[in-house]
Amino acid sequence: MLIRLSVLLLMAAPLLPAATTQAQTTSAASLARTVKAAHWRQRVLLICAPTATDAQLLKQRALLQPARAGLAERDLLVRELPWASLPAADQRYLRQLGGSPDSFRVLLIGKDGGVKRRDTEPVAPAALFATIDGMPMRRQEMKRAE
């Protein structure tokens, strides 16, 4: 229960208006440290866009907003990453994961630290949840919850 509450609290920031998200992104711990801290505890959804006002970023935010309970249930930490506001170290890290400064990307990182899904268009929560729910670790989590 405590982990899920922390996920909800961490998720609140990425789903705020773009200006707030941009400020929080640049002042937060490095992206690599954030992903490393989530290792074996949370899945991470990185939403990368050229700017904080990118149309696809705004669409992805709108798609995820009503799915917050499902995101929390799957221990998913969501981070919006407008490329223009990222420090150089975070930009390099995103490039290693498959991000690009001039295009929209959604990257799903599993609890094991591996990239499980890469998309170049906004992803519907149902498709995202199907990917996660098919993962062996998630199936074990669902069995334990029964």
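Derivation of every value follows stated rules applied to the coordinates shown; laboratory data play no part. Given the structure is predicted, the values throughout are model-derived calculations rather than measurements. Cβ coordinates were reconstructed from backbone atoms using ideal geometry, including for glycine residues, and neighbour counts include every protein chain displayed.
Looking at the P(r) of region 50-123, how many percent of alpha-carbon pairs lie beyond 21 Å? Please report the intermediate quantities before stating the final value.
On the way: 718 of 2701 pairs.
Here the long-distance tail beyond 21 Å is 27 percent of all Cα pairs in region 50-123.
Please arrange Arg79, Arg117, Arg138 by how many other C-beta atoms lie within 10 Å of their C-beta, fewest to most.
Details: Arg79 22, Arg117 15, Arg138 19.
Neighbour counts put them in this order, fewest first: Arg117, Arg138, Arg79.
How do Trp40, Trp83 line up, fewest other C-beta atoms within 10 Å first? Show your work: numbers first, answer last.
Numbers: Trp40 9, Trp83 21.
Fewest-to-most Cβ neighbours within 10 Å comes out as Trp40, Trp83.
List the pairs from Lys111/Lys143; Lys59/Lys111; Lys36/Lys116; Lys59/Lys116 whose alpha-carbon separation is above 24 Å, in the order I gave them. Could the numbers behind the result be given before it?
Numbers: Lys111/Lys143 17 Å; Lys59/Lys111 26 Å; Lys36/Lys116 16 Å; Lys59/Lys116 21 Å.
The pairs that break the limit, which is 24 Å between Cα atoms, are Lys59/Lys111.
Let a ≥ b ≥ c be the square roots of the eigenvalues of the Cα gyration tensor of region 48-90; is it rounded (a/c under 1.5), or, if not, prolate (a/b larger than b/c) or oblate? Don't jump to the answer; show the numbers that get you there.
Numbers: a/c = 4.77, a/b = 1.58, b/c = 3.01.
It comes out oblate by the Cα gyration axes.
Which value, in nm² and rounded to one decimal, describes the direction-averaged projected area of the C-alpha convex hull of region 92-146? Let's see the in-between values first.
Values: hull surface 17.3 nm².
Computing the convex hull of the Cα atoms and averaging its projections yields 4.3 nm².
Could you list Ile109, Ile47 in order of exposure, starting from the residue whose Cβ has the fewest other Cβ atoms within 10 Å?
Numbers: Ile109 21, Ile47 24.
Final ranking by Cβ density, sparse to dense: Ile109, Ile47.
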